[in-house]
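The values are calculated or read from the model by the stated rules, or taken from the named source; none is laboratory data. Predicted model, so just to flag it, every value in this text is computed and none were measured. Positions of Cβ are generated from backbone atoms using ideal geometry, with glycine treated the same way; all protein chains shown enter the neighbour counts. Each accessible area value is taken on the protein alone, full model and side chains, heavy atoms only, with ligands, DNA and RNA left out. Shrake-Rupley method; radii C 1.70, N 1.55, O 1.52, S 1.80 Å.
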Amino acid sequence: MGLIPDFKKIATRSPWLYRINAGSCNGCDVEMAVTALIPRYDVERLGCQYCGSPKHADIVLISGPLTVRVKDAVLRLYDEIPDPKVTVAVGVCPISGGIFRESYAVLAPIDQYIPVDVNVPGCPPRPQAIIAGVAKAIDIWRERL
Amino acid sequence: MSNQLAILLAVLLFPGGVFALVLGLALKGVDRRVAARLQSRIGPPLAQPFFDVIKLGFKRTTVPEVASQNVFLYAPLVGVISVLLAVALVPITGVYTPAPAIGNLLVLLYLLMIPGIVLMIAGSASGSPYGAIGFSREMALMIAYEGPLVLIAAAVAIRTGVGMGGWVTFSLSDIIAYQREHGSFLFDPVMWPAVAAFCCFYPANLGIVPFDIPEAETEVLEGPLLEYSGPVLALFKVMSALKKVVVLSLGIAMFLPFAPDNWALGLIVWLIKLVVLMVIGVTALRVAIGRMRIDQAFTFFLKWPLLLAVASLAVVVVV
């Protein structure tokens, strides 16, 4: 005991985010990549940082309904993210397919293929909701460390 | 024997090792915080880089199948050791003077090249095409900025050497002693081209936004660092933090080493200079402008900083 739990608590203050676009219409991506970073909703306050490489990521933000074409790439990318990782599904598409539901080209719900920890519904979700989802993911991540 | 012990302490404790590591990470924290404030965001806590490094310690390290495993894993270690040595070479006015055996400007220049080379080796060892792109860009950038740096160092060395009655001196302690007697080179018009060239050089060496072309996140996904994860990536973060301390304190030693005689005051003044130099040359710069292309950066360096450095060398030799 003593030192090690402390370090884990410190470690969870540095969640690095990685976005996977699983066939999203880009609405959610704009909310994640741009709106959540603007001065009003600065996600960097939580120590978050968007990283370019999946190997640096701690929290994965997946948007889109998982189209058939992109499935293999998404699964490969997901495997490349080192453990421990937490998955946040952003938008309504990963849950049900959203406006693309019942299409022959989508495989939603996404949790048939990837374990989803937090769902942030909305079309697109508001930046506050995305940040709340990330905060929830940080709590889950702490338990996994 | 005591001399060797002193060198070891300088490398591991102060000003290298623990001290430089804490300082470098804290500088990074200040940098991120100030950048956020300049963009009217709140920004991360000041200790954020410490959190990042500790976090990376908890992650798994993966080695790509195509990577050359030993080189991939040990390259960053070589980089960290070389910058640790480099920190111990740079004097802090009134606080720390390196042992005469190691306090040499030329040795420092060689050690400063190693982090860049390590990045190149790491990128090519990772087997990733992005790493290869990072490799070629880092090499082009190094070719562009190393020339001016050597000329700047030569100008400083000749100015000091001639001033002290010889021809050239590469001893950093002598350079500082000369400036403390005759005034800092920053206020010496003869040295202004060299100062300007150095101001162009250090953002490039630190890989800050207009010149972070080898690691461009949005283009080549952090290039050489793409395949790294976990503790090994933390070593790269530590390396760049230490390198920041070395390069900034080299600038202070070469151009503005004025300081009060008091030990504590000297350290505080040095820290203030370090932060000011970083906020102006790193934070404000990276907030203000976007990334250059590699060809733009290359021509920029072979045009202005090289011209300025050659001019300063010529002026110093003539005057």
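Restricting to the stretch B:284-310, give me the number of residues that are within 22 Å of B:Gly223 (Cα to Cα) and either in a loop (DSSP other than H, G, I, E, B) or of a type in the set (Val, Ile, Thr) (or both).
Within the stretch B:284-310, residues that are within 22 Å of B:Gly223 (Cα to Cα) and either in a loop (DSSP other than H, G, I, E, B) or of a type in the set (Val, Ile, Thr) (or both) number 8.
Grab the helices (runs of 4 or more DSSP H) fully contained in the stretch B:1-112, keeping just those with 2 or more residues being farther than 30 Å from B:Val168 by Cα and open to solvent by 10 Å² or more (accessible area, probe 1.4 Å).
Qualifying helices (runs of 4 or more DSSP H): B:17-38, B:48-58, B:69-89.
Suppose we filter the stretch B:192-251 for residues that are out of contact with any helix residue (DSSP H, G or I) (no Cβ under 7 Å at 6 or more places or on another chain) and part of a helix (DSSP H, G or I); how many remain?
Qualifying residue count for the region: 5.
Looking at B:Val282, B:Val287, B:Val276 in this structure, which one is of a type outside the set (D, E, K, R) and surrounded by 20 or more Cβ atoms within 10 Å (Cβ to Cβ)?
B:Val282
Can you pull out the residues in the stretch A:1-23 that are closer than 22 Å to B:Ala35 by Cα and open to solvent by 20 Å² or more (accessible area, probe 1.4 Å)?
Result: A:Arg13, A:Tyr18.
In the stretch B:41-73, how many residues are β-branched (Val, Ile, Thr) and more than 8 Å from chain A (Cβ to nearest Cβ)?
4
If I ask for residues that are open to solvent by 50 Å² or more (accessible area, probe 1.4 Å), part of a helix (DSSP H, G or I) and within 25 Å of A:Gly52 (Cα to Cα), which ones from the stretch A:78-123 would you list?
Matches in the stretch A:78-123: A:Asp79, A:Glu80, A:Asp111.
Within the stretch B:174-219, take every residue that is buried (at least 19 other Cβ atoms within 10 Å of the Cβ) and of a type in the set (Phe, Trp, Tyr) and give me the one that is nearest to the other protein chains (Cβ to nearest Cβ).
Among those residues, the one meeting the criterion is B:Phe211.
List the pairs whose first member sits in the stretch B:305-318 and is over 9 Å from B:Ala194 (Cα atoms), whose second member is open to solvent by 40 Å² or more (accessible area, probe 1.4 Å) and assigned to a helix (DSSP H, G or I), and whose Cβ atoms are under 7 Å apart, counting only residues at least 6 apart or on separate chains?
Taking only residues 6 or more apart or on different chains, the pairs are B:Val316/B:Arg159.
Output the residues belonging to the stretch B:126-140 that are surrounded by fewer than 24 Cβ atoms within 10 Å (Cβ to Cβ) and in a helix (DSSP H, G or I).
B:Pro129, B:Tyr130, B:Ala132, B:Ile133, B:Phe135, B:Ser136, B:Met139, B:Ala140
Looking only at the stretch B:220-242, how many residues end up being at the interface with chain A (Cβ under 8 Å from one of its Cβ atoms) and at pLDDT 85 or above?
Final tally of qualifying residues: 1.
Pick from A:Arg126, A:Arg76: which is out of contact with any strand residue (DSSP E or B) (no Cβ under 8 Å at 6 or more places or on another chain), within 14 Å of chain B (Cβ to nearest Cβ) and charged (D, E, K, R)?
From the options A:Arg126, A:Arg76, the qualifying one is A:Arg76.
Please determine, by comparing only the residues of the stretch A:25-40 that are within 18 Å of A:Ala137 (Cβ to Cβ) and at pLDDT 80 or above, which one is farthest from the other protein chains (Cβ to nearest Cβ).
That would be A:Cys28.
For B:Ile268, indicate whether it is part of a helix (DSSP H, G or I) and open to solvent by 10 Å² or more (accessible area, probe 1.4 Å).
Yes; evaluated as a whole, the condition is true for this residue.
Go through (1) surrounded by fewer than 21 Cβ atoms within 10 Å (Cβ to Cβ); (2) within 21 Å of B:Ala35 (Cβ to Cβ); (3) touching a Gly at 6+ places or on another chain (Cβ under 9 Å) for B:Trp263 and report which single condition fails.
(2)
Among all residue pairs at least 6 apart or on different chains, which show Cβ distances below 6 Å where the first residue, located in the stretch B:153-165, is free of Cβ contacts under 8 Å to residues at least 40 places away in the same chain and the second is not in a helix (DSSP H, G or I)?
These pairs meet every condition: B:Thr160/B:Thr169; B:Gly161/B:Trp167; B:Gly161/B:Val168; B:Gly161/B:Thr169.
Test of understanding: among B:Leu38, B:Leu25, B:Leu21, which residue is under 28 Å from B:Ala88 (Cβ atoms) and within 14 Å of another protein chain (Cβ to nearest Cβ)?
Being under 28 Å from B:Ala88 (Cβ atoms) and within 14 Å of another protein chain (Cβ to nearest Cβ) holds for just one of B:Leu38, B:Leu25, B:Leu21, which is B:Leu25.
Got a number for residues in the stretch A:24-46 being among the small types (Gly, Ala, Ser) and surrounded by fewer than 22 Cβ atoms within 10 Å (Cβ to Cβ)?
Residues that pass the stated criteria total 2.
What is the residue count in the stretch A:50-70 for residues that are over 14 Å from A:Pro109 (Cα atoms) and part of a strand (DSSP E or B)?
The total comes to 4.
Starting from residues that are outside any helix (DSSP H, G or I) and open to solvent by less than 80 Å² (accessible area, probe 1.4 Å), keep the ones in the stretch A:125-145 and report whichever is farthest from A:Ala89 (Cα to Cα).
Once the filter is applied, the top-ranked residue is A:Leu145.
Here are the criteria: (1) open to solvent by less than 10 Å² (accessible area, probe 1.4 Å); (2) assigned to a helix (DSSP H, G or I); (3) modelled with pLDDT under 85; (4) of a type outside the set (Ser, Thr, Tyr). Tell me which single one B:Leu313 does not satisfy.
So the condition that B:Leu313 fails would be (1).
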